[in-house]
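Take a look at the structure below.
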Amino acid sequence: MRRINPSRFQVATRGTSRDINSRIVLNLVRAHQPISRADLARSMGVSRAAVTLIVNDLLAQKRIFEGATGETERGRKPTFLYIDSRRRAVIAADIRASETFLILADLLGKPLTGVISFPTVRDPKQQVAKLAARIKRLLAEHPEIDGYEGIGVVVPGMVEHSTMRVLHAPTLGWRNVDLREPLAAATRLNVQIENSGRACALAQMWALRGDHATMAGDLVYISVSDGIGVGVIMNGEVLRGRHNIAGEFGHVPLSLDGPKCSCGSQGCWEAYISNRATLARYFGRPVNLAGPEDAANRPFTVEDLITRARASDGKAVAAIEATARYLGLGLASVINVLDPSRVYIGGEITLAWDLIEGTVRTALGERALTAAAAETEIRPVAATEHPRLVGAAALVAAPAFAAPVVA
Ligand SMILES: [Zn+2]
């Protein structure tokens with residue numbers, strides 16, 4: 001028999017509403033599929049009959065389906081339940097300063113299509129028009145999908161949670177930009193917008209909730225790209241702060257007279273470790289803060305730089321090593337302030353993780369306040385997993401599965 005650890009799942013009681021029970025069942029199916037009705041009843045501590053009622057509802061709504069028959073030691077064979085993500089999808093968009101990426105994903109956040117990209121347009125109105133047109137084309141290309149739950153968009157900037165306005169996206173020069181309303185109007189779909197680092201952190205927490213519940217409480221996600229996005233989860237909650245800027249470690253200075261940053265300040269962590277900073281170091285030029293124009297004539301990327309480093313180009317090795325050192329020094333601040341269980345690092349730089357991990361660890365060790373803190377788990381997330389697009393998909397898909405706190 002399958003063992004299920006329901007510790008972080010809320011347990012249904014007689015007073016629990018039907019909607020909450022549905023969400024609890026959905027979340028258990030998502031985390032443990034394939035799963036039988038009997039196992040659901042056991043992990044929720046309710047009767048088989050109660051589970052059957054909820055399951056019948058969800059089957060009728062086509063949110064789950066019955067799959068292959070399972071094996072048990074004795075008696076009748078149960079049929080297993082799965083999330084029905086076969087004909088429903090979400091649209092995930094990752095707006096970066098240089099390029100915008102797009103995929104269709106299933107309700108578990110798994111990509112259903114290859115990644116499409118186009119150069120980001122600096123004018124928000126034109127960017128929304130282009131994004132909406134590209135989304136419509138993508139939907140027309142996939143008539144096999146019955147319906148869409150909505151569009152999740154991650155942006156390289158601070159987002160006001162209540163309105164989803166982009167308050168400030170330094171690498172794009174955007175302030176107080178509303179993408180949600182015009183994109184929803186153009187596509188007639190539900191649109192959710194979030195900071196890229198926060199969305200990635202949420203997606204990791206969502207993925208962890210199934211089996212490693214104790215890890216999900218405190219984590220930090222650092223997304224290294226054209227800029228730096230940081231998402232912080234403490235006690236299972238996303239840290240947002242009074243003005244939606246909590247966790248913006250990318251703009252904490254490493255040095256007061258360091259290189260110029262996209263935010264207008266100097267010496268921010270971002271100005272040392274972003275892809276732009278790493279490339280600038282390699283070419284011995286100032287960081288190019290020009291923005292979206294980069295994409296059109298991007299002659300050379302961090303991936304190319306890593307390829308050169310692997311081919312023993314001394315300058316490439318030095319540029320990446322320096323980024324690794326600054327990454328470790330900044331990580332020490334993150335860990336000394338937040339003391340999370342685990343830190344995730346996303347972005348192209350993780351392609352070189354085998355080359356840089358030692359340097360990152362050494363720098364972290366120099367500044368971490370205790371030996372235990374210096375040993376904090378750091379986990380690179382491969383760029384091939386498209387963590388930002390998975391994060392964008394989770395913005396739309398995850399709320400349906402979220403098990404709210406039940407008294
Ligand atoms: Zn800055």
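The values are calculated or read from the model by the stated rules, or taken from the named source; none is laboratory data. Every value quoted in this text rests on a predicted model; they were computed, and no experiment measured them. As a convention, Cβ positions derive from the backbone with ideal geometry for all residues, glycine included, and neighbour counts pool all protein chains shown. Quick note on the areas: whole protein, heavy atoms, side chains included, nothing else; ligands and nucleic acids left out. Shrake-Rupley method; radii C 1.70, N 1.55, O 1.52, S 1.80 Å.
Express the relative contact order of the stretch 151-253 as a whole percentage, based on alpha carbon pairs under 8 Å and six or more residues apart in sequence. Walk me through the intermediate numbers first.
Values: 179 pairs, mean separation 24.0, N = 103.
Result for the stretch 151-253 is 23 percent.
Heavy-atom accessible area for THR384, with the other protein chains in place and a 1.4 Å probe, reaches approximately 110 Å². Only protein heavy atoms count here; under a 1.4 Å probe, PHE101 has an accessible surface of about 50 Å².
Please list THR278, THR187 from largest to smallest accessible area, probe radius 1.4 Å, with all protein chains kept in place.
THR187, THR278
To the nearest 10 degrees, how steep is helix 18-32 against the longest Cα principal axis of the chain, on a 0 to 90 scale? Orientation of helix 18-32: about 70 degrees from the principal axis.
Keeping to pairs on different chains or 8 or more places apart, tell me how many lysine pairs in the chain have Cα atoms under 24 Å apart. Summing the qualifying lysine pairs gives 5.
Rounded, prolate or oblate, given the Cα gyration tensor of the chain, with a/c below 1.5 counting as rounded?
On the way: a/c = 2.06, a/b = 1.55, b/c = 1.33.
It is prolate, given that a/c is not under 1.5 and a/b is the larger ratio.
Which of the three applies to the stretch 89-182, rounded, prolate or oblate, going by the alpha-carbon gyration tensor with a ≥ b ≥ c and a/c under 1.5 meaning rounded?
Details: a/c = 2.02, a/b = 1.67, b/c = 1.21.
Taking the square roots of the gyration eigenvalues as a ≥ b ≥ c, the stretch 89-182 is prolate.
How high is the relative contact order of the stretch 296-381, given as a whole-number percent (alpha carbon pairs under 8 Å, six or more residues apart)? Before the final figure, lay out the partial values.
Values: 91 pairs, mean separation 31.1, N = 86.
Relative contact order here is 36 percent.
3J(HN,Hα) along the stretch 157-167: x, 7, 10, 6, 4, 5, 10, 6, 6, 7, 6 Hz, from the Karplus curve 6.51 cos²θ - 1.76 cosθ + 1.60 with θ = phi - 60°, whole Hz, x for Gly and Pro. The solvent-accessible area of GLU366, taken with every protein chain present and a 1.4 Å probe, is close to 100 Å².
Here the spin labels are modelled as points 7 Å beyond Cα on the Cα-Cβ line, and at ALA129 and THR79 they lie 5.1 nm apart.
Under 8 Å for C-alpha pairs, at least 6 residues apart: give me the relative contact order for the chain, rounded to a whole percent. It would help to have the intermediate numbers written out before the result.
On the way: 785 pairs, mean separation 69.9, N = 407.
Computed over the chain, the figure is 17 percent.
Considering only beta bridges that DSSP places wholly inside the chain, some 60 percent are antiparallel.
Where nothing but the Cβ of Lys and Arg (+1) and of Asp and Glu (-1) is charged, how large is the charge dipole of the chain around its Cα centre, in debye to the nearest 20?
Values: 48 positive and 40 negative charges, 215 e Å.
Rounded to the nearest 20 debye, it is 1040 debye.
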